[in-house]
Amino acid sequence: MYKQLGTYGAWLNPALGNAPRVEYAPELEELGYDTIWVGIGADPVGDMNLLEQMIEATRTAIIASAIINMWQDDAHSIAHHYHRIVDHHGPRLLLGIGLGHPESRDSYQKPYERMVHYVDTLLEDRVPAEAIVIGALGTKTLKLAGERTRGAHPYLTVPEHTRYARELMAPTHFWHPNTRWCSPKTSKRPAGSAALRCNNPYLGLRNYTSNLIRHGFTEADVAGSGSDALIDALVAHGSPEAIYQRVNEHLAAGANHVGIQTFSSEPGASPMDAFRTLAQHRPA
């Protein structure tokens, strides 16, 4: 039986590197982040060695993949390694799975069918539904996540999408596991290169931009590096209290877990000071 994910999780970008993320994991757990989301990036996850190392480095935290790409990793292999890991360490591995982006592949045909088959294979190989969440954005994939798995973990969305997803998926669980926030040292919108770095390359990926347009934004908003209104909607900034106010908009809209990703003007910089600050000001 899997424990609850907690209200706030920590999301670690693959740009941080593998060894540092293993090093960060025990402190994140001590800081009260019950779930640590591990960004996978473009490469296959293979035998899930990184995820297993992070489980070994922690005591009780849930280690979640974000995401295992259904085009990159065979579902039978993922199920095999899932069982290998949980048989040894207990139910602490959460499989975040998804389709990735059509821009990243030459062949991206019948993606929904691919997703259904992938989920079916995992379940047939005895991976429990509560160990699976889907990186779902659209109506069909959200319904699939609600009907067949523990829930959804969309990325780069706004509270309007969370509200829409909750209505589709109720009464099942729903998570919005990634909201970005900037340094608490400034109450101003991140400007220039920092704002661009925070949002690129995602605004060049049509599954994200199409979803944003469905939930209140225009073609002009998602063009280039994004409008000020879009950046303000996607990126929380200011004091820790202001950050939580923004994060909690997703909870008010129906999410029951939010994974928080920090960002710095220097790629690869440690996120730990930011996570420590947030932990000190976490709402009761």
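The values are calculated or read from the model by the stated rules, or taken from the named source; none is laboratory data. If you're wondering where the values come from, they're calculated on a predicted model, not measured in any experiment. Neighbour counts run over all protein chains shown; Cβ positions are idealised from the backbone, glycine included.
With respect to residue 113, is the statement that it is surrounded by fewer than 23 Cβ atoms within 10 Å (Cβ to Cβ), under 24 Å from residue 262 (Cβ atoms) and not small (Gly, Ala, Ser) true? No, not satisfied. What about residue 145, is it buried (at least 23 other Cβ atoms within 10 Å of the Cβ) and in a helix (DSSP H, G or I)? Considered against the rule, which asks whether it is buried (at least 23 other Cβ atoms within 10 Å of the Cβ) and in a helix (DSSP H, G or I), residue 145 comes out as yes. Within the option set 216, 204, being surrounded by fewer than 21 Cβ atoms within 10 Å (Cβ to Cβ), touching an Asp or Glu at 6+ places or on another chain (Cβ under 9 Å), at pLDDT 85 or above and closer than 28 Å to residue 142 by Cα holds for one residue only, 216.
Annotation note: of 118, 108, the sole residue that is more than 21 Å from residue 3 (Cα to Cα), surrounded by 14 or more Cβ atoms within 10 Å (Cβ to Cβ), more than 16 Å from the chain's Cα centre (by Cα) and modelled with pLDDT under 95 is 108. Within region 257-284, residues that are closer than 12 Å to residue 9 by Cα have Cβ atoms under 6 Å from residues that are assigned to a loop (DSSP other than H, G, I, E, B) in these pairs: 257/5; 257/175; 262/271; 279/31; 279/32, counting only partners at least 6 apart in sequence or on another chain. Selection over region 229-255 of residues that are touching a Phe, Trp or Tyr at 6+ places or on another chain (Cβ under 9 Å) and charged (D, E, K, R) gives a count of 1.
Yes/no matrix, rows are residues, columns are (1) of a type outside the set (Val, Ile, Thr); (2) over 12 Å from the mean Cα position of the chain (by Cα):
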| site | (1), (2) |
| --- | --- |
| 128 | yes, yes |
| 138 | yes, yes |
| 149 | no, yes |
| 153 | yes, no |
| 159 | yes, yes |
| 167 | yes, yes |
| 173 | yes, yes |
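Could you please let me know if residue 227 is more than 22 Å from residue 11 (Cβ to Cβ), in contact with a helix residue (DSSP H, G or I) (Cβ under 9 Å, 6 or more places away or on another chain) and modelled with pLDDT under 80? Here the answer is no, as residue 227 does not meet what is asked. For region 166-194, a residue qualifies if it is among the small types (Gly, Ala, Ser) and at pLDDT 70 or above, and exactly one does: 170. In a helix (DSSP H, G or I), loosely packed, with under 14 Cβ neighbours inside 10 Å and in contact (Cβ under 8 Å) with a residue 24 or more places away in the chain - does that describe any residue in region 232-249? Checking region 232-249: at least one residue is in a helix (DSSP H, G or I), loosely packed, with under 14 Cβ neighbours inside 10 Å and in contact (Cβ under 8 Å) with a residue 24 or more places away in the chain. Within the set of pairs 6 or more residues apart or between chains, which connect a residue that is β-branched (Val, Ile, Thr) inside region 145-160 to a residue that is in a helix (DSSP H, G or I) and surrounded by fewer than 22 Cβ atoms within 10 Å (Cβ to Cβ) with Cβ atoms less than 6 Å apart? Going by the 6 Å Cβ cut-off, the qualifying pairs are 149/129; 158/233. Scanning region 255-280 for residues that are in a loop (DSSP other than H, G, I, E, B) and among the hydrophobic types (A, V, I, L, M, F, W, C) returns 255, 263, 269. The condition of being among the basic types (Lys, Arg) and either modelled with pLDDT under 95 or in a helix (DSSP H, G or I) (or both) holds for only one of 126, 163, that being 163.
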